[in-house]
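Data block below; observations after.
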Amino acid sequence: MTTIQADSFCNQLLIAMPGMEDPNFSSSVTLICEHNDEGALGIVINKPLQLQLGDVFKQLDLDDSDTMIAANPVLHGGPVGTDRGFVLHDPGSAYESSLKVSNDIHLTFSKDVLDAMATGSGPGKSLVALGYAGWDAGQLEQEILSNSWLSVPATTDIVFDLPFDQRWTAAAGKLGIDITQIAPDAGHA
């Protein structure tokens, strides 16, 4: 794992500005899970797909004895690698391939976390996404400078607890902003 830079956006929520034209990110909130001199990786946390976790369990031939978790929606985590699954979760159990985003949020991209979730022994709080958002070196910084995104430190309540349709406005609200009142065209003074 690469060392986190002092100016890293890791563990920040990127809030898409109202003028965001890319449909993958329109009105989105993206948790930045890794950011270093090579680029950034994030998971969109407010775009549910028409797919439930139980469907993923069936595709992977997993025992889905935990019917409560099987009913959870799967998210569109971003436009890159949409055939790959990612699990954001609270800490606790160790899994094969995990990345510590913060003391409260980990990202796992190995199947063992899904095995545990299917049987009810997975993390206490989690969300599953297909795909991720990726930025090349310097690209995220440039997009922020061009007013495509706002950023705010991530909180577990926004990442795990709030209904998906409230996350965009709630994240902006952490900055004291009613994002629905911002004009879609950005200006520079």
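Some points to look at:
- Two numbers describe the Cα atoms of the chain: Rg and Dmax, which are 16.4, 57 Å.
- Stretchable slack from ALA183 to ASP22, in nm (0.36 nm times residue separation minus alpha-carbon distance): 56.3 nm
- About the centre of its Cα atoms, region 38-98 shows a dipole size close to 280 debye [charges on the beta carbon of Lys, Arg (+1) and Asp, Glu (-1) only; nearest 20 debye].
- In the chain, helices alone account for a calculated mean residue ellipticity at 222 nm of -4000 deg cm²/dmol, with every DSSP H run of four or more residues adding -39,500 (n - 2.57).
- Label-to-label distance, GLN166 versus GLU38, with points set 7 angstrom from Cα along the beta-carbon direction: 3.8 nm.
- Aspartates and glutamates whose Cα lies under 12 Å from that of LYS100, excluding same-chain neighbours fewer than 8 positions away: GLU34, ASP90
- At q = 0.16, 0.19, 0.26, 0.31 Å⁻¹ the log10 of I(q)/I(0) for region 125-177 amounts to -0.63, -0.86, -1.12, -1.16, computed by Debye summation with a single uniform scatterer per C-alpha, solvent ignored.
- Accessible area of region 70-189 divided out per residue, in Å², using a probe of 1.4 angstrom: 49
- Note on surface exposure: ASP63, ASP83 rank ASP83, ASP63 by accessible area, highest first, 1.4 Å probe.
- Using all pairs of distinct alpha-carbon atoms, the Kirkwood hydrodynamic radius of region 23-66 works out to 13.0 angstrom.
- For region 28-42 and region 135-182, distance of Cα centres in Å: 12
- The order of ASP161, ASP37, ASP66 by accessible area, most exposed first and with a 1.4 Å probe, is ASP37, ASP161, ASP66.
- Each Lys or Arg adds one and each Asp or Glu subtracts one; over the other residues with Cβ under 12 Å from the Cβ of ALA94, this totals -1.
The values are calculated or read from the model by the stated rules, or taken from the named source; none is laboratory data. As the structure is a computational prediction, the values presented were derived from the model and not from experiment. Virtual Cβ from ideal backbone geometry, glycine too; neighbours counted across all protein chains shown. These area figures cover heavy atoms from the full protein model, side chains too; ligands, DNA and RNA do not enter into them. Shrake-Rupley method; radii C 1.70, N 1.55, O 1.52, S 1.80 Å.
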